[in-house]
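Take a look at the structure below.
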Amino acid sequence: MHRVRHEPSPRARDAGVARLRRATRFAVLGATALAGAFAGLAAHSVPGHKSRSVAVRTTTRTVRTTTQAATTAAAPAATTSDDATPATTATSPPVTTTVAPVVTSGGS
Amino acid sequence: MIADLASVSFPALGTTALLCAAEAEGLPAAHEALERELDELDLACSRFRDDSELVRLNASAGSGPVPVSPLLHEAIEVALRAAEDTNGLVDPTVGRTLRLAGYDRRFANVVLRDGSTFRASYGPVPGWRRVRLDPAGRTVTLDGDVELDLGATAKAYAADRIAHAAAKASGTGVLVGLGGDIAVAGPVPDGGWPVRIADDHAAGPDETGPTVAISAGGLATSGTTVRRWLAGETQLHHIVDPRTGRPAQTPWRTVTVAAASCLGANVASTAAVVLGEEAPAWLAARGLPARLVRESGEVEHANGWPEDGS
């Protein structure tokens with residue numbers, strides 16, 4: 001049994017291609033518009049930009065604070081690597097006391 | 001009043017380590033911090049341990065930059081700053097001449113040697129500028145004739161480090177004494193920390209000496225009467241004058257200084273012994289309270305140090 005194949009006319013084929021192009025264009029525009037709409041909706045519902053920036057600064061400050069604290073604990077101010085601080089920095093003189101000594105300072 | 005004060009002492013670094021805590025419950029944590037820091041310091045800075053970093057560094061002098069641990073790098077940096085601050089009066093490159101003079105092993109073993117047959121020799125002190133540090137690469141470069149000895153600064157620097165670490169770990173005020181080098185940190189007991197001044201840090205309770213109280217920083221005594229050894233018929237001591245490469249000829253038996261840190265106090269007291277008669281003026285120019293004892297026993301005070309028995 002033979003199948004009958006209908007060849008479209010050139011005019012009908014051109015019209016079909018034009019319809020397909022219009023549909024594709026509308027689909028692309030619609031998708032773009034929807035993406036923008038959802039992006040705006042997400043931006044409003046999750047206002048993260050400002051708070052994230054603060055979080056970064058806070059983290060940095062926390063790290064610096066931690067580093068300074070560790071340095072202070074490990075080495076007193078007069079023994080840090082700050083070249084401007086001389087090792088032989090003066091302090092208040094000792095005072096005489098009648099309390100029994102807890103330690104002796106002498107040659108060793 | 002020091003009602004809750006607790007203390008522990010034990011041999012360390014060739015001398016005696018003492019820890020006092022203003023509150024007894026803080027002692028275990030402070031003690032743990034002390035032991036840890038002393039172990040690390042000895043392994044990094046000892047001149048007498050075959051496995052120490054300093055021994056390896058000295059052995060590699062002249063071979064270019066040598067990577068070192070953060071602790072040794074810091075200890076050398078501190079020693080070089082002390083040399084710079086004192087214009088070379090306290091110089092870490094005295095290692096070779098100290099060794100030639102006979103201080104070539106732990107001091108307990110130096111005094112066991114038959115000194116009557118020992119002949120000391122000396123060498124020039126190359127000078128601290130012959131040591132180069134690279135902080136970025138954490139390396140140390142020693143010129144070929146340089147041999148470091150960190151004895152003038154490492155112990156005092158350790159006392160400062162340990163006092164601050166122990167105060168932080170224990171949450172209470174602490175006093176750390178390493179030989180004659182004393183550092184305090186944290187809350188201060190009422191009236192301050194009472195410290196007796198004597199020729200020898202190991203003096204017994206019956207020995208005489210004034211007692212003073214300190215509230216911050218550190219206090220150190222340098223002297224020529226304790227760490228001495230015999231070379232033939234001559235008594236030598238361990239404080240080298242870098243200008244001559246020999247034990248310092250000094251009129252002072254001991255010099256005690258108070259400063260903002262134990263390191264600063266020890267650097268100044270050592271420099272004062274080396275300087276001799278110029279020491280009082282040198283200390284005055286820096287505003288450092290000090291007590292100087294002449295060989296004769298005569299005592300001089302500088303910059304607000306209280307009169308003995310006042």
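Computed from the coordinates by the stated procedures, all read-outs in this text should not be read as laboratory data. This one's a predicted model, so the numbers in the text were calculated from it and none came from an experiment. Cβ: placed from backbone, ideal geometry, glycine included. Neighbour counts: every protein chain shown.
List of remarks:
- Estimated at 0.36 nm per residue, the fully extended path between B:Ser63 and B:Asp114 surpasses their Cα-Cα distance by 14.8 nm.
- Averaged over peptide B:193-200, the number of partner chain Cβ atoms lying within 10 Å of each residue's Cβ comes to 6.
- Within 10 Å of each Cβ in B:255-266, the average number of Cβ atoms from other chains: 6
- Number of partner chain Cβ atoms within 10 Å, mean per residue of B:207-216: 5
- Helical segments meeting 20 Å axial Cα length and Kyte-Doolittle -0.5 threshold in chain B (DSSP H): B:27-45, B:70-85, B:154-170
- Per-residue [θ]222 nm for chain B (sum of -39500 (n - 2.57) over DSSP H runs n ≥ 4, rounded to 500): -9000 deg cm²/dmol
- For B:Arg246, distant residues with modelled amide H under 5 Å away: B:Asp241
- Between the range B:194-270 and the range B:1-62, the alpha-carbon center distance in angstrom: 19 Å
- Exposed loop sites were defined as GluC sites (Glu not before Pro) in DSSP loop states (anything but H, G, I, E or B) carrying at most 14 other C-beta atoms within 10 Å; in chain B the longest segment without such a site runs B:1-206.
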